[in-house]
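Enquirer: Pasting a structure here, questions to come.
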Amino acid sequence: MNKSANPGAGHDGYLTLHGLRCHYLRWGVDGGDPVVLLHGLMNNARYWEHIAERLSPGHAVYASDLRGHGESEHAPGSYLVWAFAMDLRDFVRELDFEAFDLVAHSIGSRVAMCYARDHSHRLKHLVLADMGPQMADQGARGIRRTTGESRKAPGFGTEAEALEHYAGMYPGASKEFLMRQVAAGLALDEETGNLVFRFDPAIHEATGRGAIAEIPYLWESLEHIKCPTLVIRAAKSKVLSPEIAAEMVRRLPNGRLAEIPDSGHQVPLHQPEAFARTVREFLEG
């Protein structure tokens, strides 16, 4: 694992999973209780930096770039939930975690449900943030539209434009923090010279027909998850409806619900203090 000059930025690591080079970040203390963070579609491990800093005292926090995202390699095969879950299974095996906490957001929550179906005995706690086995209709349409638009987006002509974009996502963040977001989330398109989002355009299949076929499997998976599980819903979410969240808790053998006010779907960005506090209280409770 490579050391970072700024410990708050995390340390880089690389593994090979199913023939794909996988990048991950680690924060916190050596020997601390491991917490694994799973990002959503079109994001990357760096998405979690401001949350990891709040969780890392007392924990070793890990976040990987899912296949096809960030520095992890693009997959010639599948971007369906089963492929992501197999990557997670082998990621924690390679890092030799006997037991760990798993915190997932958005599409990462679908991956976590799939993994936990057969491996909840390895999980001390599971957090599913603002995504269920299925999405509310409005949120599903919005995510599919965003994925399609991002595939065609021209990107940013200058680094200054890119910094402005991330500054809007992280108000008040330092320039060093924003520069790390730019480096993790964007890559140079040699054809246009623009900085474009760093993910495989083929990941749109994660929201297509294959994702629809996964819905019954994921609903049924909840019934097999034995570990304490927290469903987090953003109060203004268009993705996780109150009805879907309540049904998730009903089906989970050991589930509970928390709602975070004044937040949309990107709850770790919109309310980082409240999100990190809610997660930490659950993990430590």
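Enquirer: Given charges of +1 on the Cβ of Lys and Arg and -1 on the Cβ of Asp and Glu, with all other atoms neutral, how large is the dipole of the chain about its Cα centre, in debye to the nearest 20?
Expert: 600
Enquirer: I've got another one for you. Please list, ordered by chain and number, the residues whose modelled amide H lies under 5 Å from the amide H of residue 238; skip anything fewer than 5 residues away on the same chain.
Expert: Long-range HN contacts for residue 238: 265.
Enquirer: Can you bin segment 194-285 into rounded, prolate or oblate? Criterion: square roots of the alpha carbon gyration tensor eigenvalues sorted a ≥ b ≥ c, rounded for a/c under 1.5, prolate for a/b above b/c, oblate for the rest.
Expert: Here segment 194-285 falls in the oblate category.
Enquirer: Grab the chain and count how many Lys pairs have their alpha-carbon atoms under 30 Å apart, sequence gap of 8 or more, or different chains.
Expert: Close lysine pairs under the 30 Å cut-off: 11.
Enquirer: Ranking request for peptides 215-223, 110-118: highest mean number of other beta-carbon atoms within 10 Å first, then the rest in descending order.
Expert: Packing proxy ranking, top to bottom: 110-118, 215-223.
Enquirer: Still on this structure, please answer the following. Could you check which residue among 16, 192, 229 shows the biggest mean-square fluctuation in a GNM of the chain with a 10 Å Cα cutoff?
Expert: Of 16, 192, 229, the most mobile in the Gaussian network model is 192.
Enquirer: Oh, and also: Hey, if you put +1 on the Cβ of every Lys and Arg and -1 on every Asp and Glu Cβ in the chain, which of 271, 82, 216 ends up farthest toward the positive end of that dipole?
Expert: Going by the Cα projections, it comes out as 216.
Enquirer: Grab the eigenvalues of the alpha-carbon gyration tensor for the chain, scale each by 5, take roots, and send me the semi-axes largest first in whole angstrom.
Expert: 26, 22, 19
Enquirer: Report, in debye and to the nearest 20, how large the dipole of segment 180-285 comes out about its Cα centre when Lys and Arg carry +1 and Asp and Glu carry -1 on their Cβ.
Expert: The calculation lands at about 420 debye.
Enquirer: Shifting gears a bit: Among 27, 82, 48, whose mean-square fluctuation peaks in a Gaussian network model of the chain (Cα, cutoff 10 Å)?
Expert: It is 82.
Enquirer: Let me ask you something else. Taking only Cα atoms and a 10 Å spring cutoff, compute GNM fluctuations for the chain and point out the largest among 46, 233, 209.
Expert: With Cα springs under 10 Å in the chain, the top fluctuation among 46, 233, 209 is at 209.
Enquirer: Turning to a different aspect of this structure: At what distance in angstrom do the alpha carbon centres of segment 156-221 and segment 247-285 lie from each other?
Expert: 23
Enquirer: Also, I was wondering about something else. Roughly how many debye, to the nearest 20, is the charge dipole of segment 186-228 about its Cα centre, given +1 on each Lys and Arg Cβ, -1 on each Asp and Glu Cβ, and no other charges?
Expert: With Lys and Arg at +1 and Asp and Glu at -1, about 220 debye.
Enquirer: Of 91, 248, 168, which is farthest towards the positive pole of the chain's charge dipole, taken about the Cα centre with +1 and -1 on the beta-carbons of Lys, Arg and Asp, Glu respectively?
Expert: It is 248.
Enquirer: Under the definition of Cα pairs under 8 Å and six or more residues apart, what whole-number percent is the relative contact order of the chain?
Expert: Dividing the mean separation by the residue count of the chain yields 18 percent.
None of the figures in this text is laboratory data; all of them are computed from the coordinates on show. Worth saying up front: this structure is predicted, and the values here are computed from it rather than measured. Don't worry about glycine lacking a Cβ; one is built from the backbone with ideal geometry, like all the others, and counts go over all protein chains shown.
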